[in-house]
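Taking it in order: structure first as structure tokens, then the write-up.
The values are calculated or read from the model by the stated rules, or taken from the named source; none is laboratory data. This structure is a prediction, so every number in the text was calculated from the model and none was measured. Counting neighbours? That spans all protein chains shown, and the Cβs are built from the backbone with ideal geometry, glycine included.
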Amino acid sequence: MIIDSHQHFWNYHPIKDAWIDEDMSVLKRNFLPEDLLPLLHSNNVNGCIAVQADQSTDESRFLLKLAEENEFIKGVVGWVDLCSKDIEAQIEEFADHKMLVGIRHILQAEEKGFMLTDSFYNGISSLRQYDLTYDILVFPHQLKEVIQLVGHFPDQPFVINHMAKPYIKKGEIDDWKRDISTISRFENVWCKISGMVTEADLKQWKEDDFTPYLDVIFETFGTDRIMYGSDWPVCLLAAEYDEQKSIIDNYISQFSKEEYMSIMGSNASNFYHL
């Protein structure tokens, strides 16, 4: 089974989705399961993980409802206010939803030090008892704080989103490589090979642009802690679904069939307990 470990759904609203700016006009519409399913079928993908794009518990309810209605949605990474004093009550609301497999907060938008605060730590500490994973969305300059975060919670499963968004367009790699390599030594941390095309030149990227960054991820995480994700529909800013998937398919063709299936499906299934 091939699992797309990272994609989004939304009913577009200009206020709620204010992060979609004028340069992202292709994303200014609804993206729902009926839009994704034909793409999964045509690319031989059997299911997906729906990941939050809005910071609200309404987002979690929205995605869980879609998962209940669509069998190909295998799990939901939702949102709760991890810094709230009633964090456990918020999680309890969703505790009976077996489709809730993880939580994400968009850390890339937060100020320096946010992920190391006592309140955020308290929220992360609440996830383990509910068997919930945590998706880490950051920029490279935040990775030193990520090292502290994952080291503080050695029993909490974490997964880095989008390879921590290396500066592919600028060709910068050294600082990112150093920090991502350090993070890979924590066995509770996995990594999604996703979101690459939107970190490159949106109009003129070449497949070779991604090779040095993929080399680093595979050299450090191995093939058993890496999972494929499309980042659809955000990937449409730079590539169609089949184009972004072909980058990964071509790169991992060097591995065995068993390793291919781990990267493309079973690792996501194992990490999220699908």
Does any residue of the range 143-159 turn out to be modelled with pLDDT of 95 or more and closer than 17 Å to ASP215 by Cβ? no
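This table checks each residue for (1) of a type outside the set (Asp, Glu); (2) modelled with pLDDT under 95; (3) surrounded by fewer than 21 Cβ atoms within 10 Å (Cβ to Cβ).
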position	(1), (2), (3)
ALA239	yes, no, no
GLU243	no, no, yes
TYR251	yes, no, yes
PHE255	yes, no, yes
MET264	yes, no, no
So LEU202 fits all but one of (1) surrounded by fewer than 21 Cβ atoms within 10 Å (Cβ to Cβ); (2) aliphatic (A, V, I, L, M); (3) at positive phi; what number is the exception? (3)
Tabulated pairs, the range 107-121, first farther than 19 Å from GLY151 by Cβ, second part of a helix (DSSP H, G or I), C-beta under 6 angstrom, 6+ apart or interchain: none
Do we have ASP81 as of a type in the set (D, E, K, R), modelled with pLDDT of 95 or more and touching an Asp or Glu at 6+ places or on another chain (Cβ under 9 Å) here? no
Restrict the check to the range 158-176 and report whether at least one residue is surrounded by 19 or more Cβ atoms within 10 Å (Cβ to Cβ), among the aromatic types (Phe, Trp, Tyr) and out of contact with any strand residue (DSSP E or B) (no Cβ under 8 Å at 6 or more places or on another chain). yes
Looking only at residues in the range 13-49 that are among the polar types (S, T, N, Q) and in contact (Cβ under 8 Å) with a residue 60 or more places away in the chain, which one is surrounded by the fewest Cβ atoms within 10 Å (Cβ to Cβ)? SER42
Hey, could you check the range 87-114 for residues that are in contact with a helix residue (DSSP H, G or I) (Cβ under 9 Å, 6 or more places away or on another chain) and small (Gly, Ala, Ser) and say which is surrounded by the most Cβ atoms within 10 Å (Cβ to Cβ)? GLY102
Screening GLU88, GLU68, GLU93 for residues that are within 19 Å of ASP54 (Cβ to Cβ), modelled with pLDDT under 95 and either in contact with a His (Cβ under 7 Å, 6 or more places away or on another chain) or not in a loop (DSSP other than H, G, I, E, B) (or both) leaves only GLU93
Which residues, taken from the range 96-126, are part of a loop (DSSP other than H, G, I, E, B), farther than 17 Å from SER56 by Cβ and not aliphatic (A, V, I, L, M)? ASP96, LYS98, GLU111, LYS112, GLY113, THR117, SER126
Show me the helices (runs of 4 or more DSSP H) found entirely inside the range 201-274 where at least 1 residues are small (Gly, Ala, Ser) and touching a residue at least 60 places away in the same chain (Cβ under 8 Å). 267-271
Residue count, the range 19-50, condition aliphatic (A, V, I, L, M), part of a loop (DSSP other than H, G, I, E, B) and farther than 27 Å from LEU274 by Cα, comes to 1
Here is a check on your reading of the model: is MET1 surrounded by fewer than 18 Cβ atoms within 10 Å (Cβ to Cβ), modelled with pLDDT under 95 and closer than 23 Å to LYS98 by Cα? yes
Output the number of the condition that ARG61 fails; it satisfies all remaining conditions of (1) closer than 19 Å to CYS235 by Cβ; (2) under 20 Å from the mean Cα position of the chain (by Cα). (1)
Single residue of SER60, SER119, SER84 found to be more than 20 Å from ASN270 (Cα to Cα), among the polar types (S, T, N, Q) and surrounded by 19 or more Cβ atoms within 10 Å (Cβ to Cβ): SER60
Take ASP231 and decide whether it is closer than 30 Å to ASP17 by Cα and in contact with a Lys or Arg (Cβ under 6 Å, 6 or more places away or on another chain). no
Per the filter on the range 74-85, residues part of a loop (DSSP other than H, G, I, E, B) and among the hydrophobic types (A, V, I, L, M, F, W, C) are TRP79, VAL80, LEU82, CYS83
